[in-house]
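J.: The structure is given below, and queries will be raised subsequently.
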Amino acid sequence: MGLADVGEFMVAPPDPTGDRQQIRKAEDFLQQRFVAKAESHKIPHQVEITHFNTNKDSIGEIICIRAQDLQTPAVVMAKHNQGSIKEFFMGSVSKYCTHHCKQPVIVLH
């Protein structure tokens, strides 16, 4: 399968196998870095990886809606240092969430 030319962007067709691999990789990373530590300190937690079509949905909006649906006490995110120019034009998921989520948002730097 090739790439579809959509103006200035190249869009790859969906790859369910690759998506599952990426989700598994993210789950393993979270287990090693955060879940094990939270469990060792007896901190109640829930980890959820939300997978969706980013061409159609706002990532920040999906995170806020999902957090509200789960009635989470807080949303914890990591900030990606994209630079102020790129953030100005593209936006920032963490910035969106801090302004729109009903739950407190903790942004790790």
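What follows draws every value from the coordinates through simple rules; no lab data is involved. All figures in this text were calculated on a predicted structure; none of them were measured in a lab. Here Cβ is always computed from backbone atoms with ideal geometry, including for glycine, and neighbour counts include all displayed protein chains.
J.: Could you calculate the contour length gain from residue 30 to residue 68, that is, 0.36 nm times the residue separation minus the distance between their Cα atoms, to one decimal place in nm?
T.: 11.5 nm
J.: Taking K and R as +1 and D and E as -1, what net charge do the other residues with C-beta under 14 Å from the C-beta of residue 105 add up to?
T.: +3
J.: Now for a separate question. By how many nm would the segment from residue 46 to residue 109 lengthen if fully extended, with 0.36 nm per residue of separation less the alpha-carbon distance?
T.: Details: separation 63, 0.36 × 63 = 22.68 nm, distance 2.08 nm.
The residue 46-residue 109 span can extend by a further 20.6 nm.
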